[in-house]
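Data block below; observations after.
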Amino acid sequence: MATANGNAAAAGAEDAQLSFPLPPTFYFKQYTNENMKAGTVPKPPPVIDGEYSMFGHTQKTDDEIIQPLESQGLKRLYAVKSKKFDHIVEMKKLNHSILVNYMELLDIMIDAPGSEERVKKIEEIKLMFINLHHLINEFRPHQARETLRIMLHRQKLQRVETTERLRENIEKARTILKNSLTNLNTPSAPSTSGNTSKEQQEVSETKPNLSDNKKVISTEHQDTLASLQHKIMADILDGIP
């Protein structure tokens with residue numbers, strides 16, 4: 001028992017050191033092919049409804065992607081969204097207000113650095129920055145969609161380019177195979193020599209031609225080899241899309 005506990009602790013420590021921990025043993029030990037065929041695998045957990053805890057924070061299934069400021073106990077400094085609501089205009093207003101309040105904070109720091117007005121002005125500037133960042137975060141879903149769209153578009157262009165290069169290489173391979181087939185079927189021209197002397201011809205005529213049978217056999221082998229090569233290359237050309 002102690003050995004088993006020791007092995008489990010060692011395995012847990014090893015998983016904790018991995019950059020990408022292994023999946024829980026619950027999955028690959030119970031969800032086997034045999035258990036799947038027998039129907040004895042555990043059923044999936046029910047869909048979470050309402051609240052749940054994740055990394056120590058309570059989450060709600062019906063929460064909005066961008067939480068409103070009021071739900072976080074913060075004051076909204078711009079008007080509630082309407083049909084004429086423009087994020088850019090509101091962000092420019094907040095940016096201008098931040099600059100004005102920052103100049104007022106500098107005056108307070110010069111005149112009365114220890115006054116309560118300084119703390120109050122800092123809190124006002126802080127709230128303005130929170131509202132400005134909230135408006136920026138409302139663009140995050142749109143940014144995510146655009147990023148995904150651009151990524152898919154780039155993948156499409158890469159696949160089209162790869163397909164075009166593959167087709168060009170296939171055409172080059174077809175051309176090479178056709179040229180090789182043409183060169184293979186072209187008979188070689190007999191070599192002629194005009195400097196053969198009469199004496200050499202007479203000597204060659206007097207010698208018995210013992211290699212005629214070998215030449216006939218060699219020619220037959222070459223014809224057979226050529227026909228086989230022709231058939232192989234034809235099959236290759238037919239198999240290329």
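The table for this structure:
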| item | result |
| --- | --- |
| L106, L69 arranged by Cβ crowding within 10 Å, fewest neighbours leading | L106, L69 |
| Cα-projected label distance for H142 with S82, points at 7 Å along beta-carbon direction, nm | 2.0 nm |
| Order of F55, F28 under a 10 Å beta carbon neighbour criterion, fewest first | F55, F28 |
| Equivalent ellipsoid dimensions for the stretch 76-181 as semi-axes, Å, which come from the Cα gyration tensor, largest first | 62, 17, 9 |
| Point-to-point label distance, T182-R149, nm (Cα→Cβ direction, 7 Å offset) | 5.0 nm |
| For M109, M128, order by how many other beta-carbon atoms lie within 10 Å, fewest first | M109, M128 |
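No lab work stands behind these numbers, since they all come straight from the coordinates. Predicted, not measured: the structure shown is a model, and the values here were computed from it. Methodologically, a virtual Cβ is constructed for each residue, glycine included, from the backbone with ideal geometry; neighbour enumeration extends over all protein chains shown.
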